[in-house]
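Colleague: There's a structure below that I have some questions on.
The values are calculated or read from the model by the stated rules, or taken from the named source; none is laboratory data. Everything quoted here is computed from the prediction, not taken from an experiment. Counting neighbours? That spans all protein chains shown, and the Cβs are built from the backbone with ideal geometry, glycine included.
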Amino acid sequence: MKEDFLHYIWRFKKFDINSLQTSTGETLTIENVGSYLENAGPDFFNGLITISGQKWAGNIELHLKSSDWYLHHHEKDAAYENVILHVVWEHDVDIFRKNNIEIPVLILKDYVSTDFITNFEILTAPKSWIFCENQILEVDDFVYSNWKERLFIERLERKQKPIDELFLKLNKDWEAVLFCLLARNFGLNSNGMAFMDLAQNIPFSIIRKEASDALNLEALFLGFCGLLDAEKEDVYYKELQNRFGYMVLKYQLDFKRTVPLQFFKLRPDNFPNIRLSQLAAVFAKNHQLFSDCIQVKSMKEVTRIFDVAVSAYWQTHYTFDKISPKHFKKLSSKFIELVMINTIIPLQFAYYKSREEEVQERLMTLMLEIQPEKNAVMDKFKSIGIAAKNAYDSQALLQLKNEYCNLKKCLSCGIGIHLLNATKESKNT
C-alpha cells in the first residue's frame, strides 16, 4: 500500500461512502472531499463533512498509519491544527490537537472493495519492464485510443514549453526559433547540443543576409564549430577558412564554443561537417523557410522543402583532404521524417497556440502519414503486443513510457486507472 494510492481512493471516492463511521463509531457523511494539495501542508484543503449531525469545514489529512502523524511531525506544525478528519489505512494510535481534543479518524480500508485492492496489487507488482505489461492488452480499444490522443497532446505540450522559452530568448523571432530547432535536429543525439549552441550564438540576421550563398553559410557553420581552425593545403578548406575569417570581421563576431563536436562512433553520413553542409543548403534553398514549414500539411510538401544535398566538395569527401566515391548525400526520407516529428510538428503546435488557434487534429493527421520511430522503447512495446503503426503511435507511447511508466504514475495514467477499476465480473465476461 502506498500513500498516493490512498490519495487516489479519497480524491475520486473509490470507497463505499454509505454508512461511514469514525473509529469511535460516530456516523460520518462526506459532503466534499476537499481540494487536493500536492505541496506542503494538509493533503486536502477545504473539505466538508458531517459527524453525528454536526457539520465541519476544514482540511483533511491522509496517512497509511495514524502514527505517521507523529513520524511527519505534524503535531509541531500549526498548519495541521484545523484538520477536521484524519483518513488512515490502519489506525494504530489516537491523534490529539493542542487543546487535547481527539481528531476524528476514518479507517479507509474498511470501506474499499477487495477487488479494487487486488487490482492495485496486480498492477503494481514487480514486472520486468512496466507494471501493466501483462494486462495492457486487456484495455478497451476506446479507452486506449482516447488515452493515446491525450498522451500525444501532452508530448506536444512538453515540447512546446522550451520552444516558448526560446521564442522569448530570441526576441520573439520565429525564424530564429526554427533555425535553432533545425540545427539541433540536424545534430542528432551526438551533436544536437553543439549545433544548438551554434544556432543561438550566430544572430539570425546574419543567416538572412548570407542565405543567398550556401558556401558562406557552410563556412560560417563549420568555422563556428571549430572545423576550420587547423592549417591545411586543401583548396576548398582554405576557401571556407577565408570566407569565415571575412565574416568574423564583417559582423564583428565574438563567440565561445561551449559544446565540442563528436565524430566518434558516427556513420560517415552523420559526420557533423556533412550535416552542417546540408543545413546550409536548406537555408540557401528556402528563403521563406519558416513560412513554408509553418504551413505544410503533408509529408510530400516537407520532402520537397528538404530535398537538398551537400555542396559539391562533400559529394566526394567525408573529411578534408581525403577523396571518397561520389555520393550526393541528400537528406534521407527517414531523416526528413525525424525533422517533421521533432521540429516542424512541435513548431506548428507552439506557433498556432501562440495565436490561440487549435491545430491538434491537423497535426495528428500529419503524424499518421509518418512511419513510427525505431528505438528500444518501441521494440519493448512490440514485445508485449503493442506495436506502433505510425509516428502518432510512437510519440504517444514514448510519452507513456517516459512520463508515466518510468515515474510509476499508474494512478494518473488512463490505462492504469482503467485496469484498477476493472471488476472481476468484467474480466470473466
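Colleague: When segment 156-182 is examined, which residues are found to be outside any helix (DSSP H, G or I) and of a type outside the set (S, T, N, Q)?
Modeller: Of everything in segment 156-182, those that are outside any helix (DSSP H, G or I) and of a type outside the set (S, T, N, Q) turn out to be LEU170, LYS172, ASP173.
Colleague: Working only within segment 189-213, note down all residues that are among the hydroxyl-bearing types (Ser, Thr, Tyr) and crowded, with 18+ Cβ neighbours inside 10 Å.
Modeller: Across segment 189-213, the qualifying residue is only SER190.
Colleague: Kindly indicate the residue of segment 214-246 that is surrounded by 13 or more Cβ atoms within 10 Å (Cβ to Cβ) and acidic (Asp, Glu) and also nearest to PHE179 (Cα to Cα) among those meeting that condition.
Modeller: Only one residue tops the list, namely GLU218.
Colleague: Does TRP89 fit the bill of being buried (at least 20 other Cβ atoms within 10 Å of the Cβ), in a helix (DSSP H, G or I) and in contact with a helix residue (DSSP H, G or I) (Cβ under 8 Å, 6 or more places away or on another chain)?
Modeller: So TRP89 fails the test.
Colleague: Looking only at segment 107-132, filter to residues that are out of contact with any helix residue (DSSP H, G or I) (no Cβ under 7 Å at 6 or more places or on another chain), polar (S, T, N, Q) and in a helix (DSSP H, G or I); which one of those is nearest to ILE95 (Cα to Cα)?
Modeller: Only one residue fits best here, namely THR114.
Colleague: In the set ASN134, ASN189, ASN146, which member is assigned by TED's automatic domain parsing to the domain that holds ALA281 and either modelled with pLDDT of 95 or more or out of contact with any strand residue (DSSP E or B) (no Cβ under 7 Å at 6 or more places or on another chain) (or both)?
Modeller: Going through ASN134, ASN189, ASN146 in turn, the sole match is ASN189.
Colleague: I've got another one for you. Evaluate segment 142-149: report whether one residue or more is among the small types (Gly, Ala, Ser) and over 30 Å from CYS293 (Cα atoms).
Modeller: No, segment 142-149 contains no residue that is among the small types (Gly, Ala, Ser) and over 30 Å from CYS293 (Cα atoms).
Colleague: Collect the residues in segment 346-363 that are surrounded by fewer than 16 Cβ atoms within 10 Å (Cβ to Cβ) and either of a type in the set (A, V, I, L, M) or in a loop (DSSP other than H, G, I, E, B) (or both), keeping them in residue-number order.
Modeller: Selection gives ARG355, GLU356, GLU357, GLU358.
Colleague: Identify the residue in segment 4-39 that is touching a strand residue (DSSP E or B) at 6+ places or on another chain (Cβ under 6 Å) and charged (D, E, K, R) and, among all such residues, is nearest to ILE49 (Cα to Cα).
Modeller: For segment 4-39, the residue satisfying everything is GLU31.
Colleague: Hey, another quick one. Residues in segment 383-411 that are within 17 Å of SER145 (Cα to Cα), out of contact with any Cys (no Cβ under 8 Å at 6 or more places or on another chain) and surrounded by 13 or more Cβ atoms within 10 Å (Cβ to Cβ): how many?
Modeller: 14
Colleague: Could you run through segment 247-277 and say how many residues are buried (at least 17 other Cβ atoms within 10 Å of the Cβ) and over 28 Å from the mean Cα position of the chain (by Cα)?
Modeller: Counting residues in segment 247-277 that are buried (at least 17 other Cβ atoms within 10 Å of the Cβ) and over 28 Å from the mean Cα position of the chain (by Cα) gives 4.
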